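Comments concern the structure below.
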Amino acid sequence: MQNGVDDQGDPVYVNRIFTRIRPTASHQDIYDVIEGLLSLQSLPVITLRRLDDGELVNE
């Protein structure tokens with residue numbers, strides 16, 4: 001999200017991280033929930049990303 005501009009007029013960005021999301025949740029379900037949450041704040045949204053984290057095990 002863009003949170004204003006710096007002294008040189010360049011945009012300043014902030015990140016919002018949502019954790020504890022079920023790995024089985026679809027992209028559309030996550031998008032719909034985040035879209036609802038973001039409608040409650042006033043900063044312009046630039047990008048939405050989904051980052052999956054997992055553990056690789058040698059079997």
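The values are calculated or read from the model by the stated rules, or taken from the named source; none is laboratory data. Treat the numbers as computed from the prediction; the structure is a model and nothing was measured. No Cβ is skipped: glycine too gets one built from the backbone with ideal geometry, and neighbour counts run over all protein chains shown.
Side notes on the structure shown:
- Of all residues assigned to the range 28-37, none qualifies as being of a type outside the set (A, V, I, L, M, F, W, C), assigned to a loop (DSSP other than H, G, I, E, B) and in contact (Cβ under 8 Å) with a residue 12 or more places away in the chain.
- Residues of the range 20-34 that turn out to be under 13 Å from the mean Cα position of the chain (by Cα) and at pLDDT 90 or above, as a count: 5
- Among the residues making up the range 32-59, those that are over 13 Å from Arg16 (Cα atoms) and of a type in the set (A, V, I, L, M) are Val33, Leu40, Leu56, Val57.
- Scanning the range 20-40 for residues that are loosely packed, with under 10 Cβ neighbours inside 10 Å and farther than 22 Å from Asn3 by Cβ yields Arg20, Arg22, Pro23, Thr24, Ser26, His27, Gln28.
- Here the range 1-19 is the region considered, the condition is being of a type outside the set (A, V, I, L, M, F, W, C), within 22 Å of Asp53 (Cα to Cα) and surrounded by fewer than 10 Cβ atoms within 10 Å (Cβ to Cβ), and the residue that is modelled with the lowest pLDDT is Thr19.
- Residue within the range 14-22 that is in contact with a strand residue (DSSP E or B) (Cβ under 6 Å, 6 or more places away or on another chain) and not in a helix (DSSP H, G or I) present: yes
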